[in-house]
Amino acid sequence: MDSETNFSTLQLTCPICDQSSVRLFRKNSYWIRECDRCHHQFSEQQPTAKSVSQIYDGQYFQGDGPGYIDYLAEAELLQQLGQYYAERLAYYVLPGSVLDVGAAAGFILQGLMTAGWRGEGLEPNPRLAEFGQQQLDLNMTVGTLENYPTQNRFDLVMMVQVIQHFYNLKLALHTASMVTKPGGFWLIETWDRSSVLARMRGQNWHAYTPPSRSHWFSPPGLERLVAQYGFQEVARGSPSKWMNGQYRKSVLRYQLMDKAWGKTLAQGLNWMPDQIKTPYIGGDIFWGLYQKAV
Ligand SMILES: [Zn+2]
């Protein structure tokens, strides 16, 4: 079975500004394209809903799979990341209701909740969602943002290390916008393709991992994108202190996708065991806080 034809659709125009794009280079046998106008970078082959549901159906986490154990071992770091974001948020908004998109087992959400936030975790992997529900007593929903019901309303939608994975970026953000109260916020964390590290590494930058990631943003590019949904940037930063856990979460998703896509684990993963124990100081991840117009 050819995963490329069954699990992807072709994206040739820029998903941010709809302009033409050119092929930049090939990675893991997938083309990465760049927009002629806004320079957004994206995978030519975008995953479909079907591929995402198969990828996250829990197979990877069956039994005591190594990924699952590794992820749970990161619990404390992820809770701390949640607290880190709660501290940043405190400058701009009182604790309220939050939807954590791609919540995994819910550790980041748990960190936010210790600061007074209450909320819901949305996670495509049923096993992780079940863990959050049963072990952490969190309110978890199995699913993707693209399929999320739009009648709920939140003060904050968290998208930590998830926007680059959306199989339908526009639909996902449309839904995110619908479920955000007027004056509410988005907190988005993703890789920064304009960072020094990314530019130094070029094609060898470790965040270029199609097909698991489909989009590579820069802070100004993301700002333009969220503006299309009526959101304005109010703060931006780099969570360098907590990069280790974040990095691991991201790598984990990469492994997960990679397995399901039937590709060999790429060369990029070979250096992972050495990197795990050391703090991640790449500075190639940024977060932005964006507020919806009242
Ligand atoms: Zn563009």
Could you order Ser194, Ser97 so the one with the most accessible surface comes first? Probe is 1.4 Å. Ser194, Ser97
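Averaged per residue, what accessible area in Å² does the stretch 103-226 show with a 1.4 Å probe, protein chains only? Please report the intermediate quantities before stating the final value.
Details: 4130 Å² over 124 residues.
Here the residues of the stretch 103-226 average 33 Å² of exposed surface.
Using 0.36 nm per residue, how much length does the chain from Ala235 to Leu10 gain when fully extended, once their Cα-Cα distance is taken away?
Details: separation 225, 0.36 × 225 = 81.00 nm, distance 3.38 nm.
Computed gain between Ala235 and Leu10 is 77.6 nm.
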What order do you get for 284-290, 144-150 when each peptide is scored by the mean count of other beta carbon atoms within 10 Å, highest first? 284-290, 144-150
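Hey, if we sort Val93, Val22, Val160 by accessible area with the 1.4 Å probe, largest down, what's the order? Show your work: numbers first, answer last.
Values: Val93 30, Val22 70, Val160 0 Å².
Reading off the accessible areas and sorting them downward yields Val22, Val93, Val160.
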Heavy-atom accessible area with a 1.4 angstrom probe orders Lys170, Lys292, most exposed first, as Lys170, Lys292
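The values are calculated or read from the model by the stated rules, or taken from the named source; none is laboratory data. Bear in mind the structure is a predicted one, so any value in this text is a computation, not a measurement. Heads up, the Cβs are rebuilt from the backbone with ideal geometry, glycines too, and the neighbour counts pull from every protein chain shown. The accessibility values were calculated without ligands, DNA or RNA, using every heavy atom of the protein model including side chains. Shrake-Rupley method; radii C 1.70, N 1.55, O 1.52, S 1.80 Å.
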